[in-house]
Amino acid sequence: MSRFLAAATQQFQKGLRFSRMLIHNTGKQLMTAKTPTATRATPPPPPRCPVGEKKPKPGTFPSGGKHATFCDCPKPEGDFMRAWYAKNSRYNLILISGALAAFGSWGMAISSGILGLNWTIPEYPYNEDEMEDFEMEEERRREEKEARQERHQDAIEARELAIRRRHAKEAMEREVDLMQRDMEEGITNEELDELQRLAAERESFEIWEKDEIKRLEEQQKERDQIRKEKAKVKAERDKEREKKHREKEAQLEKEEAEREKLRQKARKEREKAEKEAQKEKEKIEKEKEKARKALSG
């Protein structure tokens, strides 16, 4: 009995669910049928791709819509490899022509000397006076350089001499101190060795100082002798240069006097020719006048 009731209950529940679904679907169909067709929201048809070349309306794309589609993308036409080879050959021609133009302009610039202006000093027809001025300036610079080197060497030697004298003075003070202690209370063996070493160093320094002072005096004498010789050579060169200048000026004056004579001679000849031409002209005028009188008489 209980099994029968359970099966009946299950069948009743299934029937109830089926009836509910049927009522729901029927009501939905009725609501759809009652809605007017004018109020339905129908989606717009998709834009179609243009068949031919048609001018699009303002604000629209060639496909006809207000938004771009794949139909508005450019379409490849023709053989790709042929177009690529043609474009590549044109680019190669531009590259080769540019390289040839660059090398040609570079060669012309080198051959014409445009790039060599700042590389070397150009040749200039300097006269003798300018060359002498250049030589004097070069000699003056060389003398200044030698003087700077001598001053630098003297400063180094004076500094070395001062340093060694200062060390010798300090060592002498230490030697005097040790000798004083030796006479008063005595010194150890180590101090005695130090005293002997200081005495030997003092003697060697005195010998070196004498030799150094002698060397510096001889060096100064040599420099003075070199300066005297240079001054003598310079005086002789200046004398020779002055003599050449006087001879050159005398030659120029002589040439100018000869040119002035030639100018005066040419002027006299020109005046003489003008006078002869004037006389010839007057003679012709007189003959014309005479012939005119003869014709009129």
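Where a number appears in this text, it was derived from the coordinates with a stated rule and is not lab data. Predicted, not measured: the structure shown is a model, and the values here were computed from it. Neighbour counts are summed over all protein chains in view; Cβ atoms, including those assigned to glycine, are modelled from backbone coordinates with ideal geometry.
Just a few scattered comments:
- Residues that are among the basic types (Lys, Arg) and in contact with a helix residue (DSSP H, G or I) (Cβ under 7 Å, 6 or more places away or on another chain) within the range 187-220 comprise just one, 202.
- Test: residue 281 is more than 50 Å from the chain's Cα centre (by Cα) and either without any contact (Cβ under 8 Å) to a residue 60 or more places away in the chain or not in a helix (DSSP H, G or I) (or both): yes
- Verdict on residue 201 being touching a residue at least 24 places away in the same chain (Cβ under 8 Å) and among the charged types (D, E, K, R): yes
- When residues of the range 162-207 are limited to those that are part of a helix (DSSP H, G or I) and among the polar types (S, T, N, Q), the one nearest to residue 149 (Cα to Cα): 204
- Residue among 227, 241, 237 that alone is surrounded by 10 or more Cβ atoms within 10 Å (Cβ to Cβ), touching a residue at least 24 places away in the same chain (Cβ under 8 Å) and under 25 Å from residue 136 (Cβ atoms): 241
- Some residue of the range 208-215 being not in a helix (DSSP H, G or I) and not charged (D, E, K, R): no
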